[in-house]
1. Please go through the stretch 1-14 and give me each residue that is at pLDDT 95 or above, touching a strand residue (DSSP E or B) at 6+ places or on another chain (Cβ under 8 Å) and outside any strand (DSSP E or B), ordered by number.
2. Can you tell me how many residues within the stretch 1-19 are over 15 Å from the mean Cα position of the chain (by Cα), crowded, with 24+ Cβ neighbours inside 10 Å and within 27 Å of residue 215 (Cβ to Cβ)?
3. For the stretch 20-33, which residues satisfy the criterion of being surrounded by fewer than 18 Cβ atoms within 10 Å (Cβ to Cβ) and without any contact (Cβ under 8 Å) to a residue 60 or more places away in the chain?
4. Taking into account only those residues within the stretch 22-50 that are out of contact with any strand residue (DSSP E or B) (no Cβ under 6 Å at 6 or more places or on another chain) and in a loop (DSSP other than H, G, I, E, B), which is nearest to residue 210 (Cα to Cα)?
5. Name the helices (runs of 4 or more DSSP H) wholly within the stretch 168-239 that hold at least 2 residues that are surrounded by 20 or more Cβ atoms within 10 Å (Cβ to Cβ)?
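The values are calculated or read from the model by the stated rules, or taken from the named source; none is laboratory data. As the structure is a computational prediction, the values presented were derived from the model and not from experiment. Backbone-built Cβ (ideal geometry, glycine too); neighbour counts: all protein chains shown.
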């Protein structure tokens, strides 16, 4: 059972996720079937093309429309609003940045540049952690595990007080699975999300996907990661 999806693009007309309300509703039907009851909605935000205020306004409008249309599909679901924020120079100093954190937390999902981890990124992390008191969540950590140089990835995976989010489907790759377990065993917080973007592409975790994941990494391992994700955000979902 996938208890909590900590990274899902469910809101329509927000990014490269669902293009229509109907597509969002189809995603919700999948989530209902597999009994995923807790969702963190992480629409893309990039300060180079939009202000925080404009994004927050668009997000509110999209969420209201979805809630009004979803009806019984979300009766037993709890959703937290957030954003997947692209890490670029200056982002840690943005006004209203706290409102892009996951609701009722100071946790901020971040999408990192694929080119590598440089000193400017380190400065942004430092400002988030020490000045803004914001906890960075590295979205889809497996991307950087696969694409960064070993040195850059070691820097990224050694950051203090950072949460590492892995895509559930990626745990079928043994190297990625072992890396998630390594981070967990070395004292880091590790959570799961689907990184779903639609109904017919990059879908939510459905019955077949869940079966494939559990066969690859073991039902108890997948359940343990899923429970840890739900537990990490327990207080936020209780608000």
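1. Matches in the stretch 1-14: 9, 10, 11, 14.
2. The number of residues fulfilling the criteria is 0.
3. Scanning the stretch 20-33 gives 20, 21, 22, 29, 32.
4. Here is the first cut: in the stretch 22-50, the residues out of contact with any strand residue (DSSP E or B) (no Cβ under 6 Å at 6 or more places or on another chain) are 22-35, 37, 43, 47-50.
Checking the rest, the ones that are also in a loop (DSSP other than H, G, I, E, B) come to 34-35, 37, 43, 47-50.
Working: 34: 9, 35: 12, 37: 15, 43: 23, 47: 35, 48: 36, 49: 36, 50: 36 Å.
Top of the filtered list is 34.
5. On the way: elements: 174-185, 207-217, 219-232, 234-238.
Per the criteria, 174-185, 207-217, 219-232.
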